[in-house]
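Peer 1: Before we start, here is the structure in question, set down as structure tokens.
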Amino acid sequence: MSSKIILKFLLRFFVFYLFLFSAVVHALEADLSKNTDLFKRLATGESDDKIIAIHSLVATEHPAALLILQALKNGELSVTPKGVLLIVNDKGALDALTQQMINPAPENLEALMLNNRLRGAVDTALAILNLQSGDKAVRLVAANELLDKAVPELLPGIQKALLKETDKEIKTLLGLLEASIQLGSVDTEIRLKAISVLAESEQSSTSLLLQPFMEKNSEGQFLESDESVRTAAKVALLRINERLVRMEYVGRLFSGISLGSILLLAALGLAITYGLMGVINMAHGELLMIGAYTTFMVQTFFRQYFPSNIDGYLLAAVPASFIVAALVGMALERSVIRHLYGRPLETLLATWGISLLLIQGIRTVFGAQNVEVSNPSWMSGGYQVASNLILTYNRIVIIFFALFVLLLVWLLLNKTRLGLFVRAVTQNRKMADCLGVPTRNIDTWTFGLGSGIAGLGGCALSQIGNVGPDLGQSYIVDSFMVVVLGGVGQLAGTVSGALGLGIVNKFLEPLSGPVMAKILILVFIIIFIQRRPQGLFALKGRVVEH
Amino acid sequence: MTTITKLYGVKGWLTLALFSAGVMILVPVLNLAVSSSNPLHISDYSVSLMGKIMCYAVVALAIDLIWGYAGILSLGHGLFFALGGYAMGMYLMRMIGTEGQYHSHLPDFMVFLDWKELPWYWTGSDHFWFAALLVVLVPGLLAFVFGYFAFRSRIKGVYFSIITQALTFAFMLLFFRNETGFGGNNGFTDFKRIIGFALADPATKTGLFMATGLFLIMALLLCRYIVTSKFGRVLAAIRDHESRLMFCGYNPLGYKLFVWTLSAVLCGIAGALYVPQVGIINPGEMSPGNSIEIAIWAAVGGRGTLIGPLMGAAIVNGAKSWFTVAFPEYWLYFLGLLFVGVTLYMPAGVVGVAQQVKARFK
Amino acid sequence: MQRRHFLKKSIVIASLAAMGAMSGLAFAGDKDPIKVGILHSLSGTMAISETSLKDVALMTIAEINAKGGLLGRKLEAVVVDPASNWPLFAEKARQLVSKDKVDVTFGCWTSVSRKSVLPVYEELNSLLFYPVQYEGEELSQNVFYTGAAPNQQAIPAVEYLMSKDGGSAKRFVLLGTDYVYPRTTNKILRAFLKSKGVAEKDIDEVYTPFGHSDYQTIVANIKKFAAGGKTAVISTINGDSNVPFYKELGNAGLKAKDVPVIAFSVGEEELRGIDTKPLVGHLAAWNYFMSVKNPTNTAFIKQWKEYAKKAKLPNADKVVTNDPMEATYVGIHMWAQAVEKAKSTDVTKVRAAMAGQTFKSPSGFTLKMDETNHHLHKPVMIGEVQGDGQFQIVWKTGGPLRAQPWSPYIVGNEKKQGL
């Protein structure tokens, strides 16, 4: 109901502005020097004035419009105390009106700041101008920008652009734009054609446009008088919804895989050390945290010494996190864990103590506050599959990273000598000992490997969440659950455990909320373990014995 | 069948008597009868603190029973403690009546959630005997069911400990939800009365303190009875080599289940005594970290001795109260070092060290 | 050998004793210091927000001591760490009042912590100054609230969102952490929105637990909800959960001009840990921003930065000020003024002297402690996030607003409106 009212209101709003445009256009066409008035309005007016000025710039097709609006968007537009607009960037100060460089740049400039509303108006205005641009990428952005803002005034401009357009993607978008405007046409044929075009739309906002066709007014009569149009609208709505729901499922699957990849990175190290030594390392979460803080240190280092290559810091951070975490793990193993050999419960407690020490240590050195780790620019943003589905780059990268780490670990375990020894000790320590495998050293190396993988996990975590002293605590229970569910001794177990938990969690979440989803999963695991104590893929015997 | 008197030697009984005298006579007198300007006066704050530590001591006792004597390390016992606390808390919340912030017959948190009446699982919570029943039944039943399935599937060792972590974590998440109806993140607080006695009254506080002391002594005697009996021998066998015991023809399930459920019930009652003395219960008590700390109390004191864990609980919690005032930034370092140091160098705990010293000076 | 050892030992002991005696004498010469309790989490999940409040309090106390202290006595801070553990808060509060005998406490952040210490302060009749914005529905004679009540933060924020400049929002997502502050605030906002004609189906209420970090599903749902009309998100997410939320928001392409998010628990301190470029344009509502330009604020920021360097706080060169810090600063000064006026630290006298106290705050306004309702009159400011982690103020009230701790939008508060 109210969406119909909104639409009407918007249309009326813009019709009002149309009149204002024409009035202003008239006035402006007459006197070119009155441009200064417009500029003054932009420089010193209130939000409403500024918006009128922006619309005038577009309507009059002022030659400097693109330049000025782009500068305004980038925060480069300033005004002198006398009200002259200047574009100030690293090249110097340019007078917006006369297009002359001003040297030296005057003092007391006040930068024009945007708020959300102005930003919206500037983006729309730029989009209208950019529809005529020669650059395909620019036109694409412009078309996307205008999608929800189509108004009848733009129709001639859009139709003109459609005739000239060669790129298929932009053509589709412009077609949608045209159709959404033509929905309001008085000609039934045009309306029908518009609906059939819109039926192919992947935008969720399209259903909003088509809803009013199904509604009745206060007297019980359909707002849309023609029956065929109504039927067409109903069919179109169904198709659009179907498409949206399908995309939603894909989105959930992606979220599940993303969560699964994170769980995999977090739990893989734990599975390896537990499988080998029967040691549950309660400090595992802190090794994740150390990996994340190492990433932070690398970022700081790059910011200080290689600021121009800042986007590459991640490539250096990956091996750094691995090495630092591995070293810490090996130190742990040598100093504490090996003395508790054969006493798994004590190891559990001792490693918990170490985790407390590590957390407080990090807190003392880095402070209790979170530290800022930003995504490199190539990881920000996302890939738009459909209007309601964006696959964020950082998560895609992490999925591939997890696969890469998995591959490396598999290669290490199955194709190298060290891996051979590790597998041997995991299967039967005593026998391996008898055959001359240096079990004590293997312990240290394996622990280092497991810790290093945890470090890699921490590096990945720093890209999607907080980096603070408590980072590890939030992942420790999840890591345990993956290990318990998947079983130890085989990579397949950890992978299936992690992916399974991730996907189930993400499919439960929309139904029950994030907390209940987690609780249900925990309960499920507790019950599952009663039935099958050794986990999904187990190497050891039927009974979980040590 | 050991008689009560054979539970402890002369020295043991003497210590016990001294402790009881201290708890039941000395402290109440020094708190209530002696005026606050007298240097011997024990403040209300100290009475509550000691009462709290005694509740923790009972929990440490419970952990020792299953870990020190049956070899089952539970890292989720804080859950049973908290459940007992919540059961008592429900009763205390009902006793606030209309004196809460919103002056409604519903607890405050239900008012800001816009609930119009008590959910079904709150019925009967305004009767003390019902609350007392819940204190015993809820942890007991949960422990029984969980233990039955876990021990039947012969889950042991580290796996079992991890599963108990999962259990307490799941309940913590559940209780943090406001929709669950137990106060969410706020928990229960702002208590006014218990069985008609005002909680702010120093006499009530001392009374609770005495009740806790009495319960501690009874729990200790009960556990001592169990472990010195034939039953206790079987427990020790389970701890030392379960499969061999099974080959001898014993079914460990019943034994393990019994001590497991008993320890849960002890924790529950300790929780119920804890809540009115501390004045608040909140899902944070169910956090995995809390339960792990319980294990360290037993380890510090010396597990398998019953007395050791009591001392361990007192030492660690006393240190905590002191550190978080004197050197707040260093408390976690101390605790961490304690975990590492005790497991590496003092596997028999304080009691073990004391015995070594005694042997040295023989 | 033995004698020399004994001699050495006795000399050491004697000198120590002498030093002790001298310091005791010196001490006995001064008057006893006035003890001030500081009850903020220095470890645990809330340390991130609360540690800086402890430091600001210590800075203010040092400032007052440098000017000669209060009533000729020095102020002595007693700092305890309740470690983000609510029962420990109650225990520490009791310790501060009955054992350390502090005359006033400055502390707490989450409403949970305040609610757990409230019975202690009421039972022992001591004073607590609470500097954080909260949900109202409380008015204790033992607490002075220097943070915002809902009508000084939440309601003006929503009014801004519904205005033209704020984006003319028609649909609202109320997203919060699951505890009393967001629950109560959203209850008030729902009633407020209803009173402005917003339909039930245009309001969506979502809660996540403390420390929640995976916002994929929630952001996807916001997108879906926003397709139904111009939507604004009102976020009462607490503490560090904000970081993953904003990261997901930025990456998913939800721009502030399409779906503005206004937050009540995100300030300069929380933005320190985030890359703010994708967040430009999102909003926050407070009674103070570090970017406010006036001489009092410039001096305040300078004082804080110098203190941070001197006290060797971590990342001292990047410290920021925020609303709760300003409220702590104002609160301590007002209390000091009240003590001077009452010529005593006695709770009843100070409480009476607090009524009507004024102080020129770094926010640029003179704040007044209301005569009856223990709340400050505070101005409201709405700021947009900038790329450098500061806020650009896009709207502010002309002057301070009186607090309404009993929100008129909650049923049953009709009789309490005079308070």
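Please treat every number below as a calculation from the coordinates, not as lab data. Everything numeric in this text was worked out from a predicted model, so none of it was measured. Virtual Cβ from ideal backbone geometry, glycine too; neighbours counted across all protein chains shown.
Peer 1: So how do B:Thr5, A:Thr364 line up by other beta-carbon neighbours within 10 Å, fewest first?
Peer 2: Ranked by crowding around the Cβ, least crowded first: B:Thr5, A:Thr364.
Peer 1: Can I ask one more? Tell me, how many Å apart are the Cα centres for region C:256-295 and for region B:250-272?
Peer 2: 53
Peer 1: Under 12 Å Cα to Cα from A:Lys149, which aspartates and glutamates show up? Leave out anything in the same chain fewer than 8 places away.
Peer 2: A:Asp123, A:Glu178, C:Asp258
Peer 1: Another question about this same structure. Modelled label-to-label distance, A:Asn414 and C:Lys310, 7 Å Cα→beta-carbon offset: nm?
Peer 2: That separation, rounded to one decimal, is 6.5 nm.
Peer 1: Among B:Ile238, B:Leu273, B:Asn185, which residue has its Cα positioned farthest towards the positive end of the charge dipole of region B:185-274, with +1 placed on the Cβ of Lys and Arg, -1 on the Cβ of Asp and Glu, and the dipole taken about the Cα centre?
Peer 2: Highest projection toward the positive end goes to B:Ile238.
Peer 1: Between B:Ile194 and residues 5 or more places away or on another chain, which pairs have amide H atoms under 5 Å apart, with H built 1.01 Å from N, and which residues are they?
Peer 2: Hits under the 5 Å cutoff: B:Leu199.
Peer 1: Next question, about the same structure. Taking chain C as the reference, fit the longest principal axis to its C-alpha atoms, fit the long axis of helix C:216-226 to the helix C-alpha atoms, and give the angle between the two in degrees, 0 to 90, nearest 10.
Peer 2: Compared with the principal axis, the helix lies near 40 degrees.
Peer 1: Less than 13 Å Cβ to Cβ from C:Val97, Lys/Arg counted +1 and Asp/Glu -1: what total charge do the surrounding residues give?
Peer 2: -1
Peer 1: Still on this structure, I have one more. Rounded to the nearest 0.05, what FRET efficiency do A:Arg338 and A:Ala316 give with R0 = 30 Å and r taken as the Cβ-Cβ distance? Could you check?
Peer 2: In this case the efficiency is close to 0.40.
Peer 1: If r is the Cβ-Cβ distance from A:Gln427 to A:Ser512 and R0 is 51 Å, what FRET efficiency results, to the nearest 0.05?
Peer 2: After rounding, the FRET efficiency stands at 0.80.
Peer 1: Please report A:Glu286, B:Glu99 as a ranked list, fewest other C-beta atoms within 10 angstrom at the top and most at the bottom.
Peer 2: Sorted ascending by nearby Cβ count, the order is B:Glu99, A:Glu286.
Peer 1: Which FRET efficiency value, to the nearest 0.05, is calculated for A:Phe524 and A:Met214 with the Förster distance at 51 angstrom and r the Cβ-Cβ distance?
Peer 2: About 0.75, to the nearest 0.05.
Peer 1: Here is a further query. Report, ordered by chain and residue number, the aspartates and glutamates lying within cross-link reach of A:Lys506, taken as a straight Cα distance under 15 Å and ignoring same-chain residues fewer than 8 apart.
Peer 2: In chain and number order, the partners are A:Glu248, A:Asp478, C:Asp214.
Peer 1: What is the sum of charges around A:Phe421, taking Lys and Arg as +1, Asp and Glu as -1, for the other residues whose C-beta is under 15 Å from the C-beta of A:Phe421?
Peer 2: Surrounding charge for A:Phe421 is +4.
Peer 1: Same structure again: Which whole-angstrom value gives the distance between the alpha carbon centres of region A:33-90 and region A:163-236?
Peer 2: If you average the Cα positions of each part, the centres end up 36 Å apart.
Peer 1: Could you give P(r) for chain C, binned at 20 Å from zero, as whole percent values over all Cα-Cα pairs?
Peer 2: Result, from short to long distances: 25, 54, 16, 4, 1 percent.
Peer 1: Which of B:Gly302, B:Gly76, B:Gly232 moves most in a GNM of chain B, Cα contacts under 10 Å?
Peer 2: Fluctuation is largest for B:Gly232.
Peer 1: Here is a further query. For helix A:2-30, what angle does its Cα long axis make with the longest principal axis of chain A, in degrees from 0 to 90 and rounded to 10?
Peer 2: With rounding to tens, the tilt is 50 degrees.
Peer 1: Relative to the compact globular guide of 2.2 N^0.38 Å, what is the alpha carbon radius of gyration of region A:294-384, as a ratio?
Peer 2: Here the Cα radius of gyration is 1.43 times the empirical estimate.
Peer 1: If the cut-off is a Cα-Cα distance under 20 Å, which lysines reach A:Lys40, setting aside same-chain residues fewer than 8 apart in sequence?
Peer 2: Partners within reach: A:Lys50, A:Lys73, A:Lys82.
Peer 1: If you build the convex hull over the alpha carbons only and average its shadow over all orientations, what do you get for region B:63-118? Give it in nm² to one decimal.
Peer 2: The orientation-averaged projected area of the Cα hull of region B:63-118 comes to 5.2 nm².
Peer 1: Please arrange A:Asp95, C:Asp55 by how many other C-beta atoms lie within 10 Å of their C-beta, fewest to most.
Peer 2: Lowest to highest Cβ neighbour count: A:Asp95, C:Asp55.
Peer 1: Of the DSSP beta bridges with both residues in the protein assembly as shown, give the percent that are antiparallel, rounding to the nearest 5.
Peer 2: Expressed as a percentage, antiparallel bridges in the protein assembly as shown total about 55.
Peer 1: Just to be sure I follow the rule: in region B:10-361, considering lysines 8 or more places apart or on different chains, how many pairs have Cα atoms under 19 Å apart?
Peer 2: 7
Peer 1: Averaged across the residues of B:329-338, what count of C-beta atoms belonging to other chains lies within 10 Å of each residue's C-beta?
Peer 2: Counting Cβ atoms of other protein chains within 10 Å of each residue's Cβ and averaging gives 6.
Peer 1: Here is a follow-up. Given the pairs A:Lys216/C:Lys255; C:Lys35/C:Lys343; A:Lys168/C:Lys230; A:Lys136/A:Lys160; C:Lys360/C:Lys396, which span a C-alpha to C-alpha distance of over 22 angstrom in this model?
Peer 2: A:Lys216/C:Lys255; A:Lys168/C:Lys230
Peer 1: Let me ask you something else. If I model a spin label as a point 7 Å beyond the Cα along the Cα-Cβ vector, how far apart are those points for A:Cys434 and B:Tyr148 in nm?
Peer 2: 4.4
Peer 1: As a test of the definition: which semi-axes, in Å, follow for chain B when you take the square root of five times each eigenvalue of its alpha carbon gyration tensor? Largest first, please.
Peer 2: Ellipsoid semi-axes (Å, largest first): 33, 27, 20.
Peer 1: Which residues' amide hydrogens lie under 5 Å from the amide hydrogen of C:Val233, considering only partners 5 or more residues apart or on another chain, with H built in the peptide plane?
Peer 2: C:Val173, C:Val261, C:Ile262
Peer 1: Within chain B, which complete DSSP H helices have Cα atoms spanning at least 27 Å along the helix axis and a mean Kyte-Doolittle hydropathy of 0.5 or higher?
Peer 2: B:44-63, B:128-152, B:157-176, B:202-228, B:252-278, B:307-326
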